[in-house]
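Read the structure below first, then the notes.
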Amino acid sequence: MEAVNTEEVHLRHVEKDVLIPKMMREKAKERCAEKVEAFTNCCKESGFLMVFKCREQNALLKECLTLHYEDRAFFEECKQEYIREKLEFERTGIPKKNRTQKLPTIP
């Protein structure tokens, strides 16, 4: 995909402070999937004792997620992707989630 000049695209406060960080959280969870799974499994196995039994898994998960949240390059990557999606929506009027669905065929 070609890079978008972010200087030419105005982002609202809510986009910079809410929507792009939301995208970062979703992508960070994907990148930390192994740690998310380990923490989830520990919680399922531990029940009410998860607060005590899953401290290590929770700490590793937080460390992985925080590493991504504080990474300026990762923010810029997500910002570029957000802007591409925004421009595509402005061009087509179709949200991303609907663009990936198959169009029905006419018999």
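Worth pointing out:
- Here the calculated FRET efficiency for Arg91 and Val18, from their Cβ-Cβ distance with R0 = 30 Å, stands at 0.85, rounded to the nearest 0.05.
- Using the Cβ of Lys16 as centre and a radius below 13 Å, the other residues enclosed give a net charge of +1, where K and R count +1 and D and E count -1.
- Phi angles across segment 30-46 convert, under the Karplus curve 6.51 cos²θ - 1.76 cosθ + 1.60 with θ = phi - 60°, into 3J(HN,Hα) values of 5, 6, 9, 3, 4, 6, 4, 5, 4, 5, 4, 4, 4, 4, 4, 6, 9 Hz, Gly and Pro given as x.
- When Rg and the Kirkwood Rh are both derived from Cα coordinates, the Rg/Rh ratio for segment 42-95 amounts to 1.31.
Computed from the coordinates by the stated procedures, all read-outs in this text should not be read as laboratory data. Just so it is clear, the structure is predicted and the values come from calculations on it, not from any experiment. Backbone-built Cβ (ideal geometry, glycine too); neighbour counts: all protein chains shown.
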